[in-house]
Ligand code: HEC
């Protein structure tokens, strides 16, 4: 057999060995905290995908009174969202902290950097391959706006 084929077989055997090791370490457990690098990449891709989709989607007009909307949004939030994002969105719940990816604190700069349009899109559609459901079937466009404005209010102490 020619020398170059022997090298090819050695390289292929190494690749197969590495894949076997990677597969044996891979796990579907949600317990371990996602790694920093993995989280950084996932958040970049997610932010880009949300902004791109939201820019193309139509956005119904916001409610006339923001104060009323925030008050109603708080009630909806504590019924529909607190289970994962925590009561009044102050701190993710134990359930949210046990998901993979973990829920983000909605008052964090990363979430608050999203525009109202982006937040509307996320709440309406959810985020695929994460635990974030889309609420289009459950909430009217007015209610989604109320949730957006309530989530936005986490920017300020409340
Ligand atoms: C079953 C758990 C669950 C429920 C209920 C839930 N969420 Fe989420 N939510 C998540 C998870 C998990 C993420 C993070 C997804 C990720 O990082 O990819 C998320 C992400 C988000 C984000 C985007 C932040 C970001 O950039 O990742 C917003 C905004 C949000 N949720 C708002 C809400 C609102 C408002 C409700 C209620 C109407 C709600 N969520 C209900 C699990 C949930």
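Couple of notes before you dig in:
- In plain terms, if you count all Cα to Cα distances in region 106-150 and split them into 5 Å steps from zero, the share in each step is 5, 23, 30, 27, 13, 2 percent.
- Separation in nanometres of the label points that stand 7 Å from Cα toward Cβ, at residue 58 and residue 104: 2.8
- The distance separating the Cα centre of region 112-158 from that of region 1-64 comes to 26 Å.
- Candidates 54, 13, 66: whichever shows maximal mean-square fluctuation once the chain is modelled as a Gaussian network with Cα springs under 10 Å: 13
- Debye log10 I(q)/I(0) at q = 0.10, 0.14 Å⁻¹ for the chain, Cα point scatterers: -0.46, -0.74
- With contacts taken as Cα pairs under 8 Å and at least 6 residues apart, the chain reaches a relative contact order of 24 percent.
- Rounded tilt (10° steps) of 36-56 against the dominant C-alpha axis of the chain: 50
- In degrees, nearest ten, helix 66-80 long axis to first principal axis of the chain (Cα): 50
- Ranked by how many other beta carbons lie within 10 Å on average, peptides 2-11, 127-136 from highest: 127-136, 2-11
- On Cα atoms only, tilt of 116-125 relative to the major axis of the chain in degrees: 70
- Mean Cβ count within 10 Å, highest first, over the residues of peptides 88-101, 20-33: 88-101, 20-33
- A full extension of the chain between residue 15 and residue 28 corresponds to an added length of 2.4 nm, given 0.36 nm per residue minus the alpha carbon distance.
FYI, it's all coordinate maths here, none of it is from the lab. Everything numeric here is computed off the predicted structure, so don't read it as measured data. Positions of Cβ are backbone-derived with ideal geometry, glycine not excepted, and every protein chain shown enters the neighbour counts.
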